[in-house]
Amino acid sequence: MTDTFVFAAPEASHTLPLVFDSPHSGQLFPSDFVSRVQPEQLLTGCDLFVDDLWESVPAVGGHLLSARYSRMYVDLNRAPDDIDPLLLEGPLEGINPTAYSERGMGLIRRLALPDVPMYDSRFSLSQIHTRIHEYHKPYHQQLKSTLDALHERFSGVWHIDCHSMKSRGNRMNIDSGALRPDVVLGDNDGHSAGADFIDVIEQAFVRLGYSVVRNSPYKGGYLVRNYGDVTNNRHSMQIEINRALYMNEQKFSPNENYAAFKKDLFTISQQIADFVAHTAA
Ligand SMILES: [Zn+2]
């Protein structure tokens, strides 16, 4: 399948070794998706509008990869073997469930929301493998080949994994009930990106008046951990933006601040691009 993601590249003459990706903004479901969970409940797990908010990334020299299908079908920010044993029928071979699966939000979600199961029946391993091969793998192949090609050409590459967060966590989140800052930057506690990269991004947000917290409650998920390799000059960061800044969280619609916030993200992406242009070989 080739239509499971959207990939936008900058003009060749402006190309920087900078890649943004939005794995959770997709809203499509394949026809084999069967769930009695309400559409609004499915939407709460998605990073609605995040692909559009960062739309200007190619204009500043970066690449932008966005998923078209919902993370409630298969989560691209999970390892392909992070499979919840409670979703499986038959033998539990080749699975490696993490704390995400334990909280009901592994590769295939068991819970849409606290106490709201996604599915009435269990899956065979081959049903799960189909989701991996048709949706998870193509996205990661595109991301990896883009990062690899840029790394080869520029001897370094900078990746930003873009997400959104509810303004207050629920019981499936490790900060249940807490009000969140405007922005949470995750670099896996300094392990997935160089310190200057997170500094530049933090300063860009702070300069525009946004509150920023590092690595709490989000350190970065599978994408950041999988693609960050600082010793080889591969830097991977996660940006979580607070949904209250740009959308009505109950109605799932843009709020009156949407356009202004999108413009701020353009300013911020420009500053990130300047950093990469200066830092890259
Ligand atoms: Zn997300």
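The values are calculated or read from the model by the stated rules, or taken from the named source; none is laboratory data. Here the structure is a predicted model, which means the values were calculated and not measured. Ideal geometry is used to build each Cβ from the backbone, glycine not excepted, and the neighbour counts take in all protein chains shown. For accessibility, only protein heavy atoms count, side chains too; no ligands or nucleic acids. Shrake-Rupley method; radii C 1.70, N 1.55, O 1.52, S 1.80 Å.
Could you list all residues from the range 13-68 that are of a type in the set (D, E, K, R) and either at pLDDT 95 or above or touching a Phe, Trp or Tyr at 6+ places or on another chain (Cβ under 6 Å) (or both)? Walk me through how you get there before you give the answer.
Within the range 13-68, the first condition is being of a type in the set (D, E, K, R), and the residues that meet it are 21, 32, 36, 40, 47, 51-52, 55, 68.
The answer is ASP21, ASP47, ASP51, ASP52, GLU55, ARG68.
Would you call VAL213 open to solvent by 10 Å² or more (accessible area, probe 1.4 Å), free of Cβ contacts under 8 Å to residues at least 40 places away in the same chain and within 18 Å of the chain's Cα centre (by Cα)?
Here the answer is yes, as VAL213 does meet what is asked.
In the set PHE5, PHE33, which member is more than 16 Å from the ligand (Cβ to nearest atom) and buried (at least 16 other Cβ atoms within 10 Å of the Cβ)?
PHE33
Being touching a residue at least 60 places away in the same chain (Cβ under 8 Å), over 26 Å from GLY106 (Cβ atoms) and buried (at least 16 other Cβ atoms within 10 Å of the Cβ) narrows it down to one of ASP196, ASP182, so name that one. Spell out how you get there, then give the answer.
Working: ASP196 fails: buried (at least 16 other Cβ atoms within 10 Å of the Cβ).
Unique residue meeting the criteria: ASP182.
Answer yes or no: is there a residue in the range 231-242 that is under 29 Å from ILE174 (Cα atoms), buried (at least 16 other Cβ atoms within 10 Å of the Cβ) and over 18 Å from the mean Cα position of the chain (by Cα).
No, there is no match, as no residue in the range 231-242 is under 29 Å from ILE174 (Cα atoms), buried (at least 16 other Cβ atoms within 10 Å of the Cβ) and over 18 Å from the mean Cα position of the chain (by Cα).
Filter the range 218-230 down to the residues that are outside any strand (DSSP E or B) and either within 13 Å of the ligand (Cβ to nearest atom) or open to solvent by 50 Å² or more (accessible area, probe 1.4 Å) (or both) and list them by number.
Correct list: TYR218, LYS219, GLY220, GLY221, TYR222, LEU223, VAL224, ARG225, ASN226, VAL230.
Restricting to the range 8-30, what's the tally of residues that are open to solvent by 10 Å² or more (accessible area, probe 1.4 Å) and either among the acidic types (Asp, Glu) or within 15 Å of the ligand (Cβ to nearest atom) (or both)? Spell out how you get there, then give the answer.
Filtering the range 8-30 down to residues open to solvent by 10 Å² or more (accessible area, probe 1.4 Å) leaves 8-16, 27-30.
Filter once more, keeping what is either among the acidic types (Asp, Glu) or within 15 Å of the ligand (Cβ to nearest atom) (or both): 11, 27.
Qualifying residue count, the range 8-30: 2.
Conditions (1) farther than 19 Å from GLY228 by Cβ; (2) out of contact with any Ser or Thr (no Cβ under 6 Å at 6 or more places or on another chain), marked per residue:
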{"site": "ASP82", "(1), (2)": "no, no"}
{"site": "GLY106", "(1), (2)": "yes, yes"}
{"site": "PRO114", "(1), (2)": "yes, yes"}
{"site": "PHE123", "(1), (2)": "yes, yes"}
{"site": "HIS129", "(1), (2)": "yes, yes"}
{"site": "HIS140", "(1), (2)": "no, yes"}
{"site": "LEU147", "(1), (2)": "no, yes"}
{"site": "LEU150", "(1), (2)": "no, yes"}
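How many residues does the range 161-175 contain that are at pLDDT below 80 and of a type in the set (D, E, K, R)?
2
For (1) among the polar types (S, T, N, Q); (2) at pLDDT 95 or above; (3) surrounded by fewer than 23 Cβ atoms within 10 Å (Cβ to Cβ); (4) more than 23 Å from LEU223 (Cα to Cα), each residue gets a yes or a no:
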residue	(1), (2), (3), (4)
ALA79	no, yes, yes, no
GLU93	no, no, yes, yes
LEU113	no, no, yes, no
PHE123	no, no, yes, yes
ILE132	no, yes, yes, no
HIS140	no, yes, yes, no
LEU143	no, yes, no, no
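What residue, of ASP196, ASP189, ASP161, ASP175, is part of a strand (DSSP E or B) and charged (D, E, K, R)?
Details: ASP196 fails: part of a strand (DSSP E or B); ASP189 fails: part of a strand (DSSP E or B); ASP175 fails: part of a strand (DSSP E or B).
From the options ASP196, ASP189, ASP161, ASP175, the qualifying one is ASP161.
May I ask you to say which residue of SER236, SER211, SER253 is at pLDDT 95 or above and in contact with a Gly (Cβ under 7 Å, 6 or more places away or on another chain)?
Of the residues listed, the single one that is at pLDDT 95 or above and in contact with a Gly (Cβ under 7 Å, 6 or more places away or on another chain) is SER236.
Restricting attention to the range 152-171, and to residues there that are over 19 Å from ALA195 (Cα atoms) and either in contact with a strand residue (DSSP E or B) (Cβ under 6 Å, 6 or more places away or on another chain) or hydroxyl-bearing (Ser, Thr, Tyr) (or both), which single residue is most open to solvent (accessible area, probe 1.4 Å)?
ARG168
Can you tell me which residue in the range 136-153 is nearest to the ligand (Cβ to nearest atom), limited to those that are of a type outside the set (A, V, I, L, M) and touching a helix residue (DSSP H, G or I) at 6+ places or on another chain (Cβ under 9 Å)?
Going through the qualifying residues, I end up with HIS140.
Give the residue that is farthest from PRO17 (Cα to Cα), with candidates limited to residues of the range 243-259 that are part of a helix (DSSP H, G or I) and open to solvent by 50 Å² or more (accessible area, probe 1.4 Å).
Only one residue fits best here, namely ALA244.
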